[in-house]
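The values are calculated or read from the model by the stated rules, or taken from the named source; none is laboratory data. Just so you know, these numbers come straight off a predicted model, no measurement behind them. Here the Cβ positions follow ideal geometry from the backbone for every residue, glycine too, while neighbour counts run over all protein chains shown.
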Amino acid sequence: MRIAMLARNANLYSHRRLVEAAQARDHEIQVINTLRVYMNITSRRPEVYYNGERLTGFDAVIPRIGASVTFYGLAVLRQFEMMGVYPVNESVGIGRSRDKLRSLQLLAREGIGLPVTAFAHDPKQTDEVLAIVGGAPVVIKLLEGTQGIGVVLGETYKSAKSVIEAFRGANVNILVQEFIKEAGGTDIRALVVGGKVVAAMERTGAAGDFRSNLHRGGTARGIRITPQERAIAVRAARVLGLNVCGVDMLRSNHGPVVMEVNSSPGFEGLERASGVDVATRIIEFIEKHAKPWKTRTRGTG
């Protein structure tokens with residue numbers, strides 16, 4: 001099988017592991033720098049070029065598209081889809097996950113547990129927004145933030161109001177969410193592959209930091225999640241249309257709540273904490289499901 005992986009940095013742990021896993025199972029895999037791809041968008045003959053050569057003959061494409069290049073990355077992935085190449089995650093699903101507001105709206109529509117979340121355009125509505133989420137403390141998130149960047153804890157009503165008004169005054173879109181105090185700076189990352197949770201870990205933030213991201217100095221340990229948490233992670237992946245994703249959850253007093261669904265999850269910490277060979281699970285999924293023109297939306301959603 002010939003596999004293309006869209007990734008800007010071939011040396012990242014997750015990307016190296018995917019290459020190793022594919023080669024160990026006798027597949028040919030090519031890492032393609034997403035931003036160096038160019039396309040011929042022509043009626044009935046879509047083409048993709050890289051380093052002066054036309055890319056053909058691929059059975060599957062693994063999109064590892066960084067958040068900062070989402071727009072162009074999805075355009076490249078759609079082109080592969082319209083050429084009949086099987087995508088591990090479809091462009092439509094990735095687009096849903098990258099739009100935090102849209103993803104939460106879709107999850108809420110399906111009844112999946114979420115922190116109470118508010119969104120408004122006018123900074124004059126700050127008092128009403130804070131009232132919706134139950135007052136301070138609140139978590140304020142940039143819609144475009146990743147890996148814990150752009151996430152602020154408003155510990156008091158005054159500080160929360162100041163941060164919200166500052167962001168909105170600068171025309172920056174934000175979400176305001178209730179602070180799940182009982183989580184104690186700890187969350188769960190469940191990795192879903194093909195409708196099953198294949199690995200899970202509990203992440204705890206660094207001392208004094210309410211964010212649990214490993215990139216921010218947090219620690220992780222492998223855990224067995226509850227049947228309810230497993231079911232919610234699988235449902236969240238299905239609602240957004242993702243075959244492979246990381247579902248981040250908090251344990252609240254009213255059950256597990258989904259914080260975010262990551263369509264290009266890193267799995268260095270997860271493999272080390274859980275002992276699960278995540279990369280091989282993803283390659284095995286590709287072997288089972290990759291067929292020409294199997295994309296549900298074919299890049300048109």
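None of Leu153, Leu130, Leu142 is under 16 Å from the mean Cα position of the chain (by Cα) and closer than 29 Å to Ala183 by Cβ except Leu142.
Tell me, yes or no, whether segment 97-115 has at least one residue that is under 18 Å from Pro256 (Cα atoms) and of a type in the set (Val, Ile, Thr). Yes; the residues of segment 97-115 include at least one that is under 18 Å from Pro256 (Cα atoms) and of a type in the set (Val, Ile, Thr). Just one of (1) in a loop (DSSP other than H, G, I, E, B); (2) buried (at least 21 other Cβ atoms within 10 Å of the Cβ) fails for Gly266. It is (2). Restricting segment 1-45 to residues that are of a type in the set (Ser, Thr, Tyr) and not in a strand (DSSP E or B), which is nearest to Ser264 (Cα to Cα)? Taking the candidates together, the pick is Ser14. Residues considered: Phe179, Phe119. Of these, the only one that is in contact (Cβ under 8 Å) with a residue 40 or more places away in the chain, among the aromatic types (Phe, Trp, Tyr) and touching a Pro at 6+ places or on another chain (Cβ under 7 Å) is Phe179.
Regarding segment 288-300, can at least one residue be identified that is farther than 16 Å from Gly195 by Cα, among the aromatic types (Phe, Trp, Tyr) and at pLDDT below 90? Yes, segment 288-300 contains at least one residue that is farther than 16 Å from Gly195 by Cα, among the aromatic types (Phe, Trp, Tyr) and at pLDDT below 90. Residue check: Tyr49 meets all listed conditions (1) part of a helix (DSSP H, G or I); (2) assigned by TED's automatic domain parsing to the domain that holds Glu20 but one, namely (1). Within segment 153-161, identify whether any single residue is out of contact with any Cys (no Cβ under 8 Å at 6 or more places or on another chain) and under 20 Å from Val247 (Cα atoms), and answer yes or no. No; the residues of segment 153-161 include none that is out of contact with any Cys (no Cβ under 8 Å at 6 or more places or on another chain) and under 20 Å from Val247 (Cα atoms).
Any residue at all in segment 71-80 that's under 20 Å from Pro292 (Cβ atoms), in contact (Cβ under 8 Å) with a residue 12 or more places away in the chain, assigned to a strand (DSSP E or B) and of a type in the set (A, V, I, L, M, F, W, C)? No, every residue in segment 71-80 fails to be under 20 Å from Pro292 (Cβ atoms), in contact (Cβ under 8 Å) with a residue 12 or more places away in the chain, assigned to a strand (DSSP E or B) and of a type in the set (A, V, I, L, M, F, W, C).
Here's the yes/no breakdown for (1) under 17 Å from the mean Cα position of the chain (by Cα); (2) assigned to a helix (DSSP H, G or I):
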position	(1), (2)
Asn89	yes, no
Ser97	yes, yes
Leu101	yes, yes
Ala120	no, no
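The lone criterion from (1) on the phi > 0 side of the Ramachandran plot; (2) without any contact (Cβ under 8 Å) to a residue 60 or more places away in the chain left unmet by Gly255 is number (2).
In this structure, is Asn243 closer than 24 Å to Ser68 by Cβ and in contact with a His (Cβ under 8 Å, 6 or more places away or on another chain)? So Asn243 passes the test. Restricted to strands (runs of 3 or more DSSP E) entirely inside segment 147-246, those with at least 1 residues that are at pLDDT below 95 and within 28 Å of Glu90 (Cβ to Cβ) are 151-154, 174-178, 186-193, 196-204. The sole residue among Arg102, Arg96 that is buried (at least 21 other Cβ atoms within 10 Å of the Cβ) and among the charged types (D, E, K, R) is Arg96. If you check Asn11, Asn33, Asn51, Asn40 for being loosely packed, with under 13 Cβ neighbours inside 10 Å and within 26 Å of the chain's Cα centre (by Cα), only one passes: Asn11.
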